[in-house]
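Enquirer: Take this structure, written in structure tokens, and hold onto it; I'll ask about it next.
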Amino acid sequence: MILSRTLILVSLLLALACRRGDEKKSENNDRLVGLLLISQSGADTDPVATSLEQSLDSATQTMESITSDGLTLAGFSPKIEETESKGFFDTWKNFTFSSELMAATFSANYNCLGGGSISRTWEATSTPFTGTGPTTVFGVREFSNCALFPTSRFIINGKRESYWNNLNTASPYIQVGTTLNTALDRTLVDRVRGFNIQIRGTRATITGGTQKISASAEWTAVTGSSSSYTVELSEQRSAANVRGNAIFDHSITTPTPLTHALSGSGINRVRTVNGQIKIQHNLLNFETLVTFNNVVWSAVDCRPSSGTATITVSGSRTASGIVTFADGSASYSYSGASGSASGTITLKTCTSSI
């Protein structure tokens, strides 16, 4: 009987110790679990693939900003009409125009199909589209628990602020020297992976707004339906699990600015992209440099259709490889002293990162 009681006591003590050990192990392994859930690309445990995915998402996000803000700009006049609606949201309301102030403003509210909402305000100043001299437009989009579609993977909160400068005062408004700055402070709740992604700009505060600039575009050529512009990125992207523990922390920049050349028309309109994106992985102390070589992206849905990019990994990990773009996805492979890996990343469309 004494032996039996002793065995029971020892068993209880061991169970308690194991439980405490498991809790501590669970806490210490939160970051590892997060890395295991990082990507649906088949490279869940690969932080290089994660950094590549985030860099491509940043590029796509910038394309969406330029596309949607450009469509809004195209309709910005005293006789403004809804030109941007794709049938997914309610049309905007409360447009006003004052010839005395020479300023046009409007506000809009959209209901996201998966729940939540988007509010928008825009204001054009400096004699918008009627007089002489440079024209500027400032706009804000604010997301509140927005799931764009019932099946959307992300719930979006936060702001995107935009500032156009040096616009022509008559259509077409974009001219050589026109600039568009975009500032972000946005949180994405990833319903598949179970963690939050924070995206913020890291440059100066945007003119007229409160957020820091994450992307800048400047037009270098405008001819008919074709145009070219350069893009510089400056973002901080970080992810944390439900306990608030860091999963990844990336600093994204463009050592060589991206060049976008637009051509074609209608559904065949495309962007051809060259340049570099650098991703600094601040938790694991390595960087990934992605160099684009004539990558063709659709200007309609922001998905790539052809082209390649090289990958160079340096720091605590070293490797080199290639990315091949086709059918809206990026297939990658790399190898080096830190090992080798390959996989496929399916990129968001414009409406996924509005």
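The values are calculated or read from the model by the stated rules, or taken from the named source; none is laboratory data. Nothing here was measured: the structure is a model prediction, and the numbers come from that model. Positions of Cβ are generated from backbone atoms using ideal geometry, with glycine treated the same way; all protein chains shown enter the neighbour counts. In case anyone asks, the SASA skips ligands and DNA or RNA and just uses the protein heavy atoms, side chains included. Shrake-Rupley method; radii C 1.70, N 1.55, O 1.52, S 1.80 Å.
Enquirer: Of (1) open to solvent by 40 Å² or more (accessible area, probe 1.4 Å); (2) over 28 Å from Leu167 (Cβ atoms); (3) assigned to a strand (DSSP E or B), Leu284 satisfies all except one. Which?
Expert: Among (1) open to solvent by 40 Å² or more (accessible area, probe 1.4 Å); (2) over 28 Å from Leu167 (Cβ atoms); (3) assigned to a strand (DSSP E or B), Leu284 violates only (3).
Enquirer: Name the residues in region 220-231 that are farther than 19 Å from Arg200 by Cβ and open to solvent by less than 10 Å² (accessible area, probe 1.4 Å), would you? I'd like the intermediate steps shown before the answer.
Expert: Pass one, region 220-231, residues farther than 19 Å from Arg200 by Cβ: 220-230.
The one that is farther than 19 Å from Arg200 by Cβ and open to solvent by less than 10 Å² (accessible area, probe 1.4 Å): Tyr229.
Enquirer: Also, I was wondering about something else. Answer yes or no: is there a residue in region 126-138 that is under 27 Å from Gly264 (Cα atoms), touching a residue at least 40 places away in the same chain (Cβ under 8 Å) and outside any strand (DSSP E or B).
Expert: Scanning region 126-138 turns up at least one residue that is under 27 Å from Gly264 (Cα atoms), touching a residue at least 40 places away in the same chain (Cβ under 8 Å) and outside any strand (DSSP E or B).
Enquirer: Another question about this same structure. Considering only region 207-219, state which residues are open to solvent by 30 Å² or more (accessible area, probe 1.4 Å) and aliphatic (A, V, I, L, M).
Expert: none
Enquirer: Kindly indicate whether Thr344 is of a type outside the set (Lys, Arg) and in contact (Cβ under 8 Å) with a residue 40 or more places away in the chain.
Expert: yes
Enquirer: List pairs: first residue in region 151-172 and open to solvent by 50 Å² or more (accessible area, probe 1.4 Å), second residue of a type in the set (Ser, Thr, Tyr) anywhere in the structure, Cβ distance under 7 angstrom, at least six positions apart or on different chains.
Expert: Asn165/Thr136; Asn165/Thr179; Asn166/Thr178; Asn166/Thr179
Enquirer: Is it true that some residue in region 262-279 is outside any loop (DSSP other than H, G, I, E, B), in contact with an Asp or Glu (Cβ under 7 Å, 6 or more places away or on another chain) and modelled with pLDDT under 95?
Expert: Of region 262-279, the ones outside any loop (DSSP other than H, G, I, E, B) are 262-263, 266-268, 270-279.
Those left that are additionally in contact with an Asp or Glu (Cβ under 7 Å, 6 or more places away or on another chain): 278-279.
Those still in the list that are modelled with pLDDT under 95 too: none.
Checking region 262-279: not a single residue is outside any loop (DSSP other than H, G, I, E, B), in contact with an Asp or Glu (Cβ under 7 Å, 6 or more places away or on another chain) and modelled with pLDDT under 95.
Enquirer: Please go through region 318-354 and pick out each residue that is in contact with an Asp or Glu (Cβ under 9 Å, 6 or more places away or on another chain) and outside any strand (DSSP E or B).
Expert: Answer for region 318-354, where residues must be in contact with an Asp or Glu (Cβ under 9 Å, 6 or more places away or on another chain) and outside any strand (DSSP E or B): Gly328, Leu347, Lys348, Thr349, Cys350, Thr351, Ser352, Ser353, Ile354.
Enquirer: Look at Ala204 and say whether it is small (Gly, Ala, Ser), at pLDDT 95 or above and open to solvent by 40 Å² or more (accessible area, probe 1.4 Å).
Expert: Working: small (Gly, Ala, Ser): yes; at pLDDT 95 or above: yes; open to solvent by 40 Å² or more (accessible area, probe 1.4 Å): yes.
Yes; evaluated as a whole, the condition is true for this residue.
Enquirer: Let me spell it out: the conditions are (1) farther than 20 Å from Val48 by Cα; (2) basic (Lys, Arg); (3) not in a loop (DSSP other than H, G, I, E, B), and Arg243 meets all of them except one. Which number is the exception?
Expert: Only one criterion is unmet by Arg243, namely (3).
Enquirer: While we're on this one: Of all residues in region 179-201, how many are touching a helix residue (DSSP H, G or I) at 6+ places or on another chain (Cβ under 7 Å) and open to solvent by 40 Å² or more (accessible area, probe 1.4 Å)?
Expert: 0
Enquirer: While we're here: On the given criteria, is Gly339 touching a strand residue (DSSP E or B) at 6+ places or on another chain (Cβ under 8 Å) and under 30 Å from Pro150 (Cα atoms)?
Expert: Against the criterion (touching a strand residue (DSSP E or B) at 6+ places or on another chain (Cβ under 8 Å) and under 30 Å from Pro150 (Cα atoms)), Gly339 does not qualify.
Enquirer: Any residue in region 320-338 that is closer than 22 Å to Gly70 by Cα and buried (at least 17 other Cβ atoms within 10 Å of the Cβ)? Can you show your working first?
Expert: Restricting attention to region 320-338, the residues satisfying the condition of being closer than 22 Å to Gly70 by Cα are none.
Among the residues of region 320-338, not one is closer than 22 Å to Gly70 by Cα and buried (at least 17 other Cβ atoms within 10 Å of the Cβ), which makes the answer no.
Enquirer: Looking at region 232-258, which of its residues are open to solvent by 60 Å² or more (accessible area, probe 1.4 Å) and either of a type in the set (S, T, N, Q) or farther than 22 Å from Phe292 by Cβ (or both)?
Expert: Val242, Arg243, Thr256 - these are the residues of region 232-258 that are open to solvent by 60 Å² or more (accessible area, probe 1.4 Å) and either of a type in the set (S, T, N, Q) or farther than 22 Å from Phe292 by Cβ (or both).
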